[in-house]
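Participant: Handing you a structure now.
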Amino acid sequence: MAHIHLRRTRHTSDLRRYWKVMSLSERFEQTIAAILGVIVALVILLALWELLRLVVDTLVLQHQNVLDHSVFQKLFGAILTLLIAMEFQHSIIKVIERREHIIQTKIVVLIALLALARKFIILDTASTSPMMLLALSVGVVALGTVYWLIEQRDSIRIDQETTPTVTASTERHGQKKRITPARGMMRRTDTSKAGLA
């Protein structure tokens, strides 16, 4: 817990320190991100309140079965709505801490996947046309492919950033190992010549 406190203090102090040297557009971006963070936090609290009210009303007062399809749809639809809002909040916190830009493609794709997963959970298959199901399925496959490609790009970029350092240090150690025997041979040769002399 102490590490979390130190991390938050450091980011807050960084923001205060960099605020003086920020451009007008950067200050505007940080202000908007902070306001959005407050709005999304309020939305999360309201969604949590609605979820708690739904759970108490459905399961405690009405004694409905949680495995019933309609009850399951309502409960997990509300839970996924809360998760989507929390993912928005997480991306906004990254912007406030100046670790990311205001638009993050990976987060947007992830939120879209969560929204489609929520849609599939609350979907009434009896009243949904096959074309709608096909369109939603194609959307999930397309977003999943885009997310996978972004992950692959990020992993390649991380590998490229770490590989040159490892290769350079390996080459330096390899040169040392190759040079050391040569020096030893030189010393032996010098000693043998001195003995002959």
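The values are calculated or read from the model by the stated rules, or taken from the named source; none is laboratory data. Just so we're clear, the structure is a prediction, and the values are computed from it rather than from any experiment. As a convention, Cβ positions derive from the backbone with ideal geometry for all residues, glycine included, and neighbour counts pool all protein chains shown. With ligands, DNA and RNA removed, areas are computed over all heavy atoms of the protein, side chains included. Shrake-Rupley method; radii C 1.70, N 1.55, O 1.52, S 1.80 Å.
Participant: Among residues belonging to region 81-101 that are open to solvent by 80 Å² or more (accessible area, probe 1.4 Å) and touching a residue at least 40 places away in the same chain (Cβ under 8 Å), point out the one that is farthest from the chain's Cα centre (by Cα).
Facilitator: In this case the residue turns out to be ARG98.
Participant: Just to check your reading of the model, which residue among ALA78, ALA47, ALA41, ALA34 is under 22 Å from ARG118 (Cα atoms), small (Gly, Ala, Ser), touching a residue at least 24 places away in the same chain (Cβ under 8 Å) and open to solvent by 30 Å² or more (accessible area, probe 1.4 Å)?
Facilitator: ALA41
Participant: Going through region 102-113 one residue at a time, which ones are open to solvent by less than 60 Å² (accessible area, probe 1.4 Å) and modelled with pLDDT under 80?
Facilitator: GLN104 - this is the single residue of region 102-113 that is open to solvent by less than 60 Å² (accessible area, probe 1.4 Å) and modelled with pLDDT under 80.
Participant: Which count do you get for residues in region 122-136 that are assigned to a helix (DSSP H, G or I) and open to solvent by 50 Å² or more (accessible area, probe 1.4 Å)? Before you say what the answer is, go through the steps one by one.
Facilitator: Applying the first criterion (assigned to a helix (DSSP H, G or I)) to region 122-136 yields 122, 130-136.
If we keep only those that are open to solvent by 50 Å² or more (accessible area, probe 1.4 Å) as well, we get 122, 130-135.
Summing the residues that are assigned to a helix (DSSP H, G or I) and open to solvent by 50 Å² or more (accessible area, probe 1.4 Å) in region 122-136 gives 7.
Participant: If you go through region 46-64 one residue at a time, do you hit one that is of a type in the set (Val, Ile, Thr), part of a helix (DSSP H, G or I), over 30 Å from the mean Cα position of the chain (by Cα) and farther than 19 Å from ILE121 by Cα?
Facilitator: Within region 46-64, the first condition is being of a type in the set (Val, Ile, Thr), and the residues that meet it are 55-56, 58, 60.
Retained after the next criterion (residues that are part of a helix (DSSP H, G or I)): 55-56, 58, 60.
If we keep only those that are over 30 Å from the mean Cα position of the chain (by Cα) as well, we get 56, 58, 60.
Checking which are farther than 19 Å from ILE121 by Cα leaves us with 56, 60.
Yes: one or more hits.
Participant: May I pose another question? Do we have ILE93 as farther than 14 Å from ARG118 by Cα and part of a helix (DSSP H, G or I) here? Before you say what the answer is, go through the steps one by one.
Facilitator: Working: farther than 14 Å from ARG118 by Cα: yes; part of a helix (DSSP H, G or I): yes.
Against the criterion (farther than 14 Å from ARG118 by Cα and part of a helix (DSSP H, G or I)), ILE93 qualifies.
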